[in-house]
């Protein structure tokens, strides 16, 4: 008989175990190589046991010895393998134990800022501030290029003024009307104003959140003698104002919680499209900037320089000494339905001319899905020079009430 046949029942039970260990030996060897605690000695032991194919009893004894060595080394590595299981068990049972399971993040490290992505279309997302959405200063407020946005309010209103310019005059030769036209002081005012972004990321390429942009805007304002049928209800004045502007985002923190949001430069042409003697026009280059406090207050400022014209082509000399050389605008969101605004223009010279405009916009109704309506009741009071190009050198006070469309 062979040695195996003469073996005890226990040895017969060890035989299938030895065969199983022999079959698993290659996989065990591969696992040992990938485990962090594997060593060259362990690999050699496995190969030595596997090589004893001619003597099953010796092979079994070899694997028994190898298993005993692994059992002695297990306590050091068992904790690292038991920790995930303990964590999963604690999670399943709803229990937590800071002493049993280490925290997943080193508490000594600063917390990572989570960027909240836009929930709705960028430039209409209310989680961003008004200035950020208006100029699309952040990635989350981007609405793309070559689509129309609102600029100044699109307004239809009824106007009552302290005076009306029936015979416009200018210091330029040949630019004063020779006849008086019987205009009424009550008239209709229409303003159309749109803009589009024509480029972005010009100087902020690679920045994860901020975006600069280049815009083109156009504003048209008309005074219509709607209540003067005896002279066929003419348009008394229509001003055209194309504009090119570059906006750069900023994030500087200012005192008292204010934040500096943008700076920019621009070029603007303004004219009334008339021939002499009623022709009026000028060109300006300007600098602008804006700050805000939360989403309640915003302040926007512009300062400009008139681009000189020759005396023969200047229809309105000295216009900067009437309309001004800079303006400061303040907006206050009183609540979700009411906004108050004030704009002051000044000559920034010894002359005290300029203008003041005070506005109140009140939301009417609600938009789609219960959102704030874009339609406003628009009430405005203006006093000073330059309410229109034809009135650049005429001071008057104008009160208007109408409807405005904003943020479309």
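For this structure, a couple of remarks:
- Residues 46, 226 arranged by fewest to most Cβ contacts within 10 Å: 226, 46
- Burial ordering of 228, 209, fewest other beta-carbon atoms within 10 Å first: 209, 228
- Stretchable slack from residue 364 to residue 287, in nm (0.36 nm times residue separation minus alpha-carbon distance): 24.3 nm
- Rh by Kirkwood over Cα pairs, then Stokes-Einstein D for segment 146-405 at 1.567 mPa s and 4 °C, µm²/s: 65 µm²/s
- Estimated distance in nm for a label pair at residue 198 and residue 177, the labels positioned 7 Å out from Cα along Cα-to-Cβ: 3.5 nm
- Residue exposure proxy: 230, 241, 292, ordered by other Cβ atoms within 10 angstrom of their Cβ from fewest to most, comes out as 230, 241, 292.
Read-outs throughout are calculated quantities, based only on the coordinates presented, and are distinct from any laboratory measurement. Values in this document were obtained by computation on a predicted structure and should not be read as measured data. Cβ coordinates were reconstructed from backbone atoms using ideal geometry, including for glycine residues, and neighbour counts include every protein chain displayed.
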